[in-house]
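> Supplied in C-alpha cells, the structure appears directly below.
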Amino acid sequence: MRRLLFILLFLVVCFTEIVPQNDFRIMFYNVENLFDTENNPLKNDDDFLPDGFMRWTPWKYWEKLRNISRVITAVGGMRSPALAGLCEVENDCVMFDLTKRSPLRVQEYEYIVTDSPDERGINVALLYQRHQFRLIEFKEYEVISDDKNARPTRNILHATGSVVSGDTLDVFVCHFPSRSNGLRETEPARIRAASLLRGKTDSLFSLRKSANIIIMGDFNDNPNNKSISKTLGAKSIHSPLRSDQLYNLFLHRVKERNFGSYKYKGKWDLFDQFIVSGNMLIKNNGIQVINDEAYIYNAGFLLEDDVRYTGKKPYRTNLGPRYIGGFSDHLPVYMDLFIRE
C-alpha cells in the first residue's frame, strides 16, 4: 500500500512540474482573407462583398469566424493560447466579431489590431488573455518605401506586456510583403520590412539588459532567405547563444522534406515563423522557450488531399472564386513558454 501511495505521489509531483510549462502557449495563424461583408470605400475590398467576385455572403463570413474559433481552440488543447497572432484580418470589426460574437467569446480574449495602408485593407492582430499577459502599451510601424510607386504593405504590430512572473515580454506580429509579382522583384520590399524590424529589436536590446522578444508572422520568405537570415539576422538555435541576438526556431528544419506551413505548386514553405531573443533560450531565464522548439499544427481536419501534386495541402476557404468551406491556405504554428513565478 505504501509503495502504491509513493508511486501516486511521485506521479503527482511530476505532473505538477510539467503542466505549468504548457500554460503559456503562443500561436500564429494566417487566417486567409478574413473580410467582413461591408464595403469600405477607402479600400479595395470589393471582391469580398455579397455581390463581389468571391460572393462573400454573411453566412460565409460567420462560418469563417466559426472555423477560426475552432482552430484557435484546437491549438490551445485543454486551455486557450495565452497569445494568438493573426494576419489577413480586415479591421477592428472582424476582430470584435471573432472575440465577442463567435464561439471564441467564451475564451474572453482581448485584442489589438493595426490600421495599415495596405490597399486591400489587410491587417495583423494580436489576441491576448488578460490574466496571462497584461498589456502595457502597443505601437504599429509603417514600412515606408523610397519608391513612390511601391504598393503599401501591412504595418508591424508591437505589443509590450508583463507576464505572471513580472517579466516584460515584447511581441511583434508581422505580415511581410507577398511574392505575388515574383520572388526577385518583391524581395526588396521584404528586406525593407526586415530592416525596420531589426531597428526596433536593436533598440530593445539597448534599452533592456535582458530583453524577452518574440517575433511571429507570415514573412513570405523562408528562414534561410535574405530578409530573415541576413537583414533581420535571425540565426539557427544551434548557433552560439547570445542574449542580444535573434534566433529562428524553424531555421534548423528548413531542409526537411514535406515540412512547412504553406504549400505552393506541390512545395512546402516555412513562411510562418517564430523568432526569439537569445535570452529566451538560455537556461534559468525567467521566460524560456520549452525545448527550444516551435511546431506546426497540422491536424487532419486542416488538411485535404493534394490531387494535383500528391500528399496533403491546407484545406482553405476558397479556391479562386469557388467557396470550399475550409479554414485557411496556411497552417498555424505554435510554441510554449515556461515562466518562472
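> Considering only the range 156-190, state which residues are outside any loop (DSSP other than H, G, I, E, B) and either of a type in the set (V, I, T) or surrounded by fewer than 19 Cβ atoms within 10 Å (Cβ to Cβ) (or both). Write out each step before concluding.
Pass one, the range 156-190, residues outside any loop (DSSP other than H, G, I, E, B): 156-162, 168-175, 183-190.
Those that are outside any loop (DSSP other than H, G, I, E, B) and either of a type in the set (V, I, T) or surrounded by fewer than 19 Cβ atoms within 10 Å (Cβ to Cβ) (or both): I156, T160, S162, T168, V171, V173, L183, R184, E185, T186, E187, P188.
> Please determine, by comparing only the residues of the range 51-96 that are closer than 19 Å to F301 by Cβ and assigned to a loop (DSSP other than H, G, I, E, B), which one is modelled with the highest pLDDT.
The residue in question is P81.
> Now for a different question. Given the criteria within 24 Å of N123 (Cβ to Cβ) and surrounded by fewer than 22 Cβ atoms within 10 Å (Cβ to Cβ), does K230 qualify? Give the steps one after another, and end with the answer.
Numbers: within 24 Å of N123 (Cβ to Cβ): no; surrounded by fewer than 22 Cβ atoms within 10 Å (Cβ to Cβ): yes.
Judged against the criteria, K230 is not a match.
> Sort out which residues of the range 255-271 are surrounded by fewer than 18 Cβ atoms within 10 Å (Cβ to Cβ), within 18 Å of the chain's Cα centre (by Cα) and within 20 Å of S178 (Cα to Cα), and write them in order of number. Show your work before the answer.
Filtering the range 255-271 for residues surrounded by fewer than 18 Cβ atoms within 10 Å (Cβ to Cβ) gives 255-259, 264-267.
Now drop any that are not within 18 Å of the chain's Cα centre (by Cα), which leaves 259.
Selection gives nothing.
> Take the residues in the range 134-166 that are modelled with pLDDT of 95 or more and of a type in the set (D, E); name whichever of them is nearest to the chain's Cα centre (by Cα).
Here the answer is E140.
> Would you mind finding the one in L126, L104 that is assigned to a strand (DSSP E or B) and over 16 Å from K43 (Cβ atoms)? Let's see the steps before the verdict.
Details: L104 fails: assigned to a strand (DSSP E or B).
Of the residues listed, the single one that is assigned to a strand (DSSP E or B) and over 16 Å from K43 (Cβ atoms) is L126.
> Exactly one condition in (1) surrounded by 20 or more Cβ atoms within 10 Å (Cβ to Cβ); (2) closer than 22 Å to D170 by Cβ; (3) in contact (Cβ under 8 Å) with a residue 40 or more places away in the chain is not met by L241; state its number.
(1) is the only condition that L241 fails.
> Name the single residue, out of those in the range 293-341 being assigned to a loop (DSSP other than H, G, I, E, B) and of a type in the set (S, T, N, Q), that is nearest to N212 (Cα to Cα). Break it down stepwise before answering.
Residues of the range 293-341 assigned to a loop (DSSP other than H, G, I, E, B): 297-299, 306-311, 315-317, 320-321, 324-329, 331-332, 340-341.
Subset that is of a type in the set (S, T, N, Q): 298, 310, 317, 328.
Working: N298: 28, T310: 41, T317: 35, S328: 30 Å.
Per the criteria, the residue is N298.
> Would you point out the residue of the range 284-310, among those that are of a type in the set (A, V, I, L, M, F, W, C) and crowded, with 16+ Cβ neighbours inside 10 Å, that is nearest to V75 (Cα to Cα)?
Of the residues in the range 284-310, the ones of a type in the set (A, V, I, L, M, F, W, C) are 287, 289-290, 294, 296, 299, 301-303, 307.
From the residues that got through so far, the ones that are crowded, with 16+ Cβ neighbours inside 10 Å too are 287, 289, 294, 296, 302-303.
On the way: I287: 21, V289: 17, A294: 13, I296: 10, L302: 11, L303: 15 Å.
Once the filter is applied, the top-ranked residue is I296.
> Collect the residues in the range 229-269 that are of a type outside the set (G, A, S), closer than 26 Å to G199 by Cα and part of a loop (DSSP other than H, G, I, E, B), keeping them in residue-number order.
L232, I237, H238, P240, L241, R242, D244, Q245, L249, F250, V254 - these are the residues of the range 229-269 that are of a type outside the set (G, A, S), closer than 26 Å to G199 by Cα and part of a loop (DSSP other than H, G, I, E, B).
The values are calculated or read from the model by the stated rules, or taken from the named source; none is laboratory data. Just so it is clear, the model here is predicted, and its values are computed rather than measured. In this analysis, Cβ positions are derived from the backbone assuming ideal geometry, glycine residues included, and neighbour counts consider all displayed protein chains.
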